[in-house]
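Structure first, then comments.
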Amino acid sequence: MFPLGLVLLPEEVVPLHIFEDRYKQMIGDCLEDDSEFGIVWLSDDGLKEIGCTAKIAQLLERMEDGRMNILVRGSMPFRLMRRIEDLPYPAGDIELLDEEQLAEPDEALADEARERYAELVERITDERPDAEQLAGLGAYGMAATIDFALDAKQALLEARSEDQRMRMVGELFVNTMKRLDHAERAGERAQSNGKVRF
């Protein structure tokens, strides 16, 4: 288990620099056994109980002193049931979290969230994802490409239905667009010294 100051979502890929001896051993064991480890957010309020399993997608670099740069991909949300203290690195018993079973997913809600996502990506990159790309994206897949506040990401990780996550990411995309609008207006005002130019 790796307590970190970040929240990993399923499908998200993040780089990690491994430098502490205990984590060098843990990652070394995972590489040797082709096994996963868990990332849990160590927030200001303490260690969260919901985390995400992480698969080492790529070993980018291994230095002579054992330090490593790796890429990991989020896999499955889990609940930390019990800490295990007698191993050389942090560990625990976990329970993988099941999805809440819904009769029918809300396709209109999903389509709306994907549209908000497409608008946001187009705003940031000047390129709109194509319809086929969008149709294949779930809430985790969309959220994994946008830098959200850690508490918002943790709430997504803890949500147990795709409809709930789609509603949440849709709202996050709308709020992000509003912040971009505000930042642009503030930038324009700063350039004009607060005066309107004619």
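The values are calculated or read from the model by the stated rules, or taken from the named source; none is laboratory data. Quick caveat, the model's predicted, so the values are computed rather than measured. Methodologically, a virtual Cβ is constructed for each residue, glycine included, from the backbone with ideal geometry; neighbour enumeration extends over all protein chains shown. Areas reflect the complete protein model, heavy atoms only, side chains present, ligands, DNA and RNA absent. Shrake-Rupley method; radii C 1.70, N 1.55, O 1.52, S 1.80 Å.
Here are some notes:
- H17 meets each of the listed conditions (1) under 18 Å from I94 (Cβ atoms); (2) part of a strand (DSSP E or B) apart from (1).
- Top-ranked residue in the range 160-182 [being assigned to a helix (DSSP H, G or I) and farther than 15 Å from R114 by Cα; ranked as most open to solvent (accessible area, probe 1.4 Å)]: R179
- Inside the range 61-82, residues that are in contact (Cβ under 8 Å) with a residue 40 or more places away in the chain, over 23 Å from the mean Cα position of the chain (by Cα) and at negative phi make up a count of 1.
- So E64, is it open to solvent by 70 Å² or more (accessible area, probe 1.4 Å), under 29 Å from S161 (Cα atoms) and assigned to a loop (DSSP other than H, G, I, E, B): no
- Residue selection: P77 fails the criterion of being of a type outside the set (G, A, S), modelled with pLDDT under 95 and in contact with a strand residue (DSSP E or B) (Cβ under 7 Å, 6 or more places away or on another chain).
- Where a residue in the range 40-55 is farther than 19 Å from D29 by Cα and its partner, wherever it lies, is outside any strand (DSSP E or B) and of a type in the set (G, A, S), with Cβ under 9 Å and at least six apart: W41/G5; L42/G5; S43/G5
- Some residue of the range 67-86 being in contact with a helix residue (DSSP H, G or I) (Cβ under 7 Å, 6 or more places away or on another chain), closer than 30 Å to F173 by Cα and not in a loop (DSSP other than H, G, I, E, B): yes
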